[in-house]
Amino acid sequence: MTASRRVGWIRARTAFTLIELLAVMGILILLAVLTVAGVGRIADDARISTAVNRVSAALGNARALAIRENELVLVVFRGSWPVDSTQIVSPPLNPGEEQVTEIVTARYSGVTEVIDQTYRDLSQRFVPIAGVAPVRLPAGIKVGGPNYEWEDSQYDSPGYYTQPDFKASANGCSEYPEYYRLIGVLFGPDGRRLVRLPGGTSSREKIFVDFNGIDADGDSDGSYGDRAYRFPGGCSLSGFALYHVCDHPLDETNVFLVPSLMVYDDDAARELRVTSWSSRADIEQELVGRGTGFIEQYGQRIDFNPSTGVVQP
């Protein structure tokens, strides 16, 4: 073989065939897909980690305030929507802005409100602590708490309470509203986590946070109806249920004290859901149910030391 023929043969072999090019392109596409998926998982994990850190810090600060000020301090987790606080009856629902979960720290005011004239149910008023700004969690992240309330003891698997989806609420409560409640953690003057107010005599005695100081019926006498903020198209509720289910961004519903918390990605739960969550069975199976729901399976748990109340994420 002459030198010129050898050079031509070598040059011909250094070129790629069509099959080889397609194989390389396929590998590059696969690597790109895996990279995007990995980045997405890292971003989701970062959102959860950020939320857990913010929740833990807010709880720790509240406990320190309770000890320092020698008073009852409450931490609540509420769904927040970008609305004008003066628009009580029909706040604008802007689909372009995603709702978030807010952490609000409040103190006991010493005021008792009668919320049911028939049964004389009582609710103790808490007010946000001046100078302690609400803490916002990353969009799509919510906080759940196990339901140990007596009202639902008839059910075998009562599951978790969490923040509502206000778009669903505005559409006539298209999702089952039972599990959309205002949950909170209460610290006593010694820093311990409490399950009810000290000296409380009734299992029907509740607590609430007066977020804005506005009475729905125009007065401040603490009478039945002061906290019934609802808007057209929302859940069709009446009576005592008005003070349980949170279906409005400005609701001042009763706070359900929980012994532990679960921080979870509600956006991810909604991507995975199969049903509409319009029935108890559906929402228990897919979101709030014990052992089966997304919150228990994928949520990040936050506990408290039973003796001291110190946060244990």
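All of the numbers you see were taken from the coordinates with simple rules; none came from a lab. Since the model is a prediction, treat every value here as computed from it, not as a measurement. Don't worry about glycine lacking a Cβ; one is built from the backbone with ideal geometry, like all the others, and counts go over all protein chains shown.
Ordering of 254-261, 242-249 by packing is 242-249, 254-261, highest average first (other Cβ atoms within 10 Å, averaged per residue). For R181, the residues 5 or more places off, or on other chains, whose built amide H falls under 5 Å of its own are T162, C246.
Between L237 and L22, what FRET efficiency follows from the Cβ-Cβ distance if R0 is 45 Å, with the result rounded to 0.05? All intermediate terms of the calculation are to be shown ahead of the outcome.
Numbers: r = 61 Å, r/R0 = 1.35.
Calculated value: 0.15.
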